[in-house]
There are 2 protein chains.
Amino acid sequence: MAERDVPVPGDGEVQVRNLFMAVDPAMRGRMDDAKSYVPPFDLDAVMEGPAIGEVVVSNDSGFAPGDIVFSRLGWREAFTAPSSALQLRDCSDLPAQAYLGFAGVTGLTAYAGMLRIGELKPGDVVFVSAASGGVGSLACQIAKIKGHKVIGAAGGPRKLDFLRDRLGLDAAIDYKAEDNLTKALAREVKAIGAGGIDLYFDNVGGDHLHAAIALANPFARMAICGMISQYNAAGAVTPPRNLTQIMTKRLRLEGFIATDHMDLEQHFLADMKAWHKAGLLQLTDTVHEGIGDAVSAFLGLFDGSNLGRTLVRLG
Amino acid sequence: MAERDVPVPGDGEVQVRNLFMAVDPAMRGRMDDAKSYVPPFDLDAVMEGPAIGEVVVSNDSGFAPGDIVFSRLGWREAFTAPSSALQLRDCSDLPAQAYLGFAGVTGLTAYAGMLRIGELKPGDVVFVSAASGGVGSLACQIAKIKGHKVIGAAGGPRKLDFLRDRLGLDAAIDYKAEDNLTKALAREVKAIGAGGIDLYFDNVGGDHLHAAIALANPFARMAICGMISQYNAAGAVTPPRNLTQIMTKRLRLEGFIATDHMDLEQHFLADMKAWHKAGLLQLTDTVHEGIGDAVSAFLGLFDGSNLGRTLVRLG
């Protein structure tokens, strides 16, 4: 942690006090020195990441004090930046923190994954891994809003209560309490009166993906959003061992990244606002207090202590 | 092998003398007692499988002696069957054996896999595994006819000569001579001046699929037609260990079976006939002689001795 003076804005610059920042699992990937869809983080630089803040001083005609702005300048309480680094957000219908959650990239990830990549269809039985996480909990909520039977997997009794009581899922699996995730998923599929799953929203990979393939109905779709089980697994990955079923069941596995689907944004925001207004979509963020808690908020993504989207309140 | 009298056709029945039968890797799957898209073979029953034959005696107005008919009644030199078990084939433009190869389900598999599932697009660099096999060699030929750079993998120098000299591929990999298939594919991609592959036609799975994922360009498609490396691997499967790249590269892996794509048949047959007539599409079948050679023809699919589609000449 370092203290810096925040400069007075020059021409075309804006000074912002952040209200919330978010931490997410994708940041872990950028801590490896490997080629990916975004470059690795620089050492000794401020951590990048999404934040929502309020304009304090503006030297740009497009922004006025009090405006709510989104930025990706990361883990800082306040900053001065060129106005091109900021995007205005309309908070007349939504709380500011929603733009880091269901109305932000997290929400778009769940939305694009379920509806475009997963092609959610009437009657589909849905399975979501890391279902209590930021993206997973929204994927579950979207499927429930659309009337589907949803099975969620997460780790530990506290998360299972969250899946059942807050998200209203039809079945929940505590992967930490199961010897064999495939058998557990088979049991829950049967318990909800289904013959298999039609759409798997994958945040985990490994044995979760194995279970989803094993229980997949023919022509099931697997929207591959993340494989958190594999990121920290120094070499010891546990890939699914039943990939031949991709062919026999004609499965489709497709990876995706929300930013490839920005063309959906208007439709997505309209749906999210309507669902929020109707009381169908809940704010389920875990909010940590203060920048001093940012690292533990981030680590909480991997040790399983966070529910929903993980935010840090900064102002 | 058993000798049986072939009965005189009753009402609505037809007697057929087979000209060719085919063996294919999918038959191996039906030798396991496992649920799949087709039921397992019965013990002590005649092996089922595609055959093309000539009508000898007909007791059905839809068939006349001399007609060429397709059947799936399998490994027999002659048979009598209800006419509903037979399909007429027009041999004015094509040799009869083509209907077991490029103009049959084998051809439709390659065609649907490359064009519908793989969505072959201008500029795509294509990688095909088991490229010297029945389906693989046709997948290669289709991609070459459409002007693409194609890398094929197969086992042994004889197959590599076939890929280079008969199929005209841009690069060929002898997987049996390589310690590391991923490095070999990277070398060949570079050798043809490409940055990666855009379409992988998978007949093999395992380390071939791993290599394809490792060398995939963003948004590459993988048409999963078979995973022959996994069928005989009593428990010891070697799944790809780089599946996280499905997400980071936004890859799509999709399994398929030709019989789900019969709606393509007219278009497919028109293309195949036109390409054959123009001399672009070759008959590259390995033809074994006589029903006594059927078992070794089948085993040749797995020990790597066959080139192209594997047929047995029966008449």
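If a residue must be in contact with a Leu (Cβ under 7 Å, 6 or more places away or on another chain) and farther than 20 Å from residue A:132 by Cβ, how many such residues does the stretch A:275-289 contain?
Within the stretch A:275-289, residues that are in contact with a Leu (Cβ under 7 Å, 6 or more places away or on another chain) and farther than 20 Å from residue A:132 by Cβ number 0.
Kindly list the number of the only condition in (1) closer than 22 Å to residue B:249 by Cα; (2) within 12 Å of chain B (Cβ to nearest Cβ) that fails for residue A:262.
Against the list (1) closer than 22 Å to residue B:249 by Cα; (2) within 12 Å of chain B (Cβ to nearest Cβ), residue A:262 comes up short only on (2).
Which one of these is under 21 Å from residue A:150 (Cα atoms) and surrounded by fewer than 23 Cβ atoms within 10 Å (Cβ to Cβ): A:252, A:309, A:313?
Testing whether each residue is under 21 Å from residue A:150 (Cα atoms) and surrounded by fewer than 23 Cβ atoms within 10 Å (Cβ to Cβ) leaves just A:252.
List, please: which pairs have Cβ atoms under 7 Å, are six or more places apart or on different chains, and start with a residue in the stretch B:1-22 that is closer than 30 Å to residue B:300 by Cα and end with one that is aromatic (Phe, Trp, Tyr) and at pLDDT below 95?
B:21/B:75
Which one is farthest from residue B:250 (Cα to Cα) among residues in the stretch A:1-34 that are of a type in the set (Lys, Arg) and surrounded by 11 or more Cβ atoms within 10 Å (Cβ to Cβ)?
It comes out as A:17.
Report, by residue number, each residue of the stretch A:223-243 that is buried (at least 24 other Cβ atoms within 10 Å of the Cβ) and either within 9 Å of chain B (Cβ to nearest Cβ) or modelled with pLDDT under 80 (or both).
Listed by number, the residues that qualify are A:224, A:225, A:226, A:227, A:228, A:243.
Which of the residues belonging to the stretch B:164-183 are touching a residue at least 24 places away in the same chain (Cβ under 8 Å) and within 17 Å of residue B:149 (Cβ to Cβ)?
Listed by number, the residues that qualify are B:167, B:168, B:169, B:172.
The values are calculated or read from the model by the stated rules, or taken from the named source; none is laboratory data. Treat the numbers as computed from the prediction; the structure is a model and nothing was measured. Cβ sites come from the backbone with ideal geometry, for glycine too, and all protein chains shown count toward neighbours.
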